[in-house]
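Heads up: the structure comes next, in structure tokens.
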Amino acid sequence: MTDFNRNPIPLPEKPGKVLLHSCCAPCSGEVMEAMLASGIDYTIFFYNPNIHPEKEYLLRKEENIRFAEKHGVPFIDADYDTDNWFARAKGMEDEPERGIRCTMCFDMRFERTALYAHEHGFPVITSSLGISRWKNMAQINDCGVRAAARYPDLMYWEYNWRKQGGSARMIEISKREDFYQQEYCGCVYSLRDTNRHRRENGRDRIQFGVQFYRSNPAK
């Protein structure tokens with residue numbers, strides 16, 4: 001595990017197993033270790049059809065699987081149904097980050113997470129998405145609560161994973177594990193806009209599978 005000094009996080013209101021929607025290893029690393037340290041029984045649910053291209057999707061998923069296996073945490077590998085994601089994103093191609101396209105994306109991922117939880121006896125769902133400072137936590141929580149409300153036996157756990165040093169530990173864990181460091185949110189439109197910004201500032205386009213967090217920069 002780690003030598004971090006942690007206070008146990010408060011358990012969600014409902015007892016039982018937690019289904020953790022994970023977007024990537026860097027964001028979920030701190031969430032996973034915090035839950036393990038607090039004795040919470042959980043399973044990872046990886047459903048992220050927004051991630052583009054497939055090479056980037058596989059990089060992020062395989063890093064997450066590697067870390068889950070290291071800690072003996074069950075990992076559910078859900079569908080990569082990109083056609084459905086693009087169908088739902090139609091007409092939102094030029095929306096800004098944190099706008100209605102992101103709300104749609106969170107809704108889609110949490111709806112599938114909630115359905116799996118309902119069908120497999122998980123009373124609680126939550127997500128690692130909110131630990132990133134680039135995300136709007138209220139937007140994420142609203143989508144999670146809305147998805148869970150479809151089922152009377154399910155709740156979305158609105159825990160603030162950033163507090164009590166969570167965001168800093170996220171970076172420390174990522175460096176310790178040499179996680180792949182993605183350079184954009186994930187979808188094709190985020191990639192487009194990030195590359196446009198880089199080009200305008202004299203930087204090269206994003207290269208997949210190149211950037212990593214490093215505990216030892218000489219690696």
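Observations, loosely collected:
Quick grid of which residues meet (1) in contact (Cβ under 8 Å) with a residue 60 or more places away in the chain; (2) among the basic types (Lys, Arg); (3) within 23 Å of Gln207 (Cβ to Cβ):
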| residue | (1), (2), (3) |
| --- | --- |
| Pro26 | yes, no, yes |
| Glu54 | no, no, yes |
| Arg60 | yes, yes, yes |
| Glu63 | yes, no, yes |
| Gly91 | no, no, no |
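- Any hit, the stretch 95-103, residues being closer than 16 Å to Leu19 by Cα and charged (D, E, K, R): no
Here is a yes/no grid of residues against (1) in contact with an Asp or Glu (Cβ under 6 Å, 6 or more places away or on another chain); (2) acidic (Asp, Glu); (3) buried (at least 20 other Cβ atoms within 10 Å of the Cβ); (4) at pLDDT 95 or above:
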| residue | (1), (2), (3), (4) |
| --- | --- |
| Ala147 | yes, no, yes, yes |
| Trp161 | no, no, yes, no |
| Ser167 | no, no, no, no |
| Ile171 | no, no, no, no |
| Leu191 | no, no, yes, yes |
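- The stretch 149-181, residues that are within 17 Å of the chain's Cα centre (by Cα) and aliphatic (A, V, I, L, M): Ala168, Met170, Ile171, Ile173
- From the options Arg98, Arg133, residue that is at positive phi, at pLDDT below 95 and within 16 Å of the chain's Cα centre (by Cα): Arg98
Listed here are the residues, each with its yes/no results for (1) over 22 Å from Ile173 (Cα atoms); (2) in contact with a helix residue (DSSP H, G or I) (Cβ under 9 Å, 6 or more places away or on another chain).
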position: Ile51; (1), (2): yes, yes
position: Phe86; (1), (2): yes, yes
position: Met92; (1), (2): yes, yes
position: Phe110; (1), (2): yes, yes
position: Gly121; (1), (2): yes, no
position: Lys135; (1), (2): no, yes
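- Considering (1) of a type in the set (A, V, I, L, M); (2) within 23 Å of Ala168 (Cα to Cα); (3) out of contact with any helix residue (DSSP H, G or I) (no Cβ under 9 Å at 6 or more places or on another chain), the lone condition that Leu58 does not fulfil carries the number (2).
The values are calculated or read from the model by the stated rules, or taken from the named source; none is laboratory data. Here the structure is a predicted model, which is why all the values come from computation and not from measurement. Because the Cβ atoms are built from the backbone with ideal geometry, glycine has one as well, and the counts that use them run over all protein chains shown.
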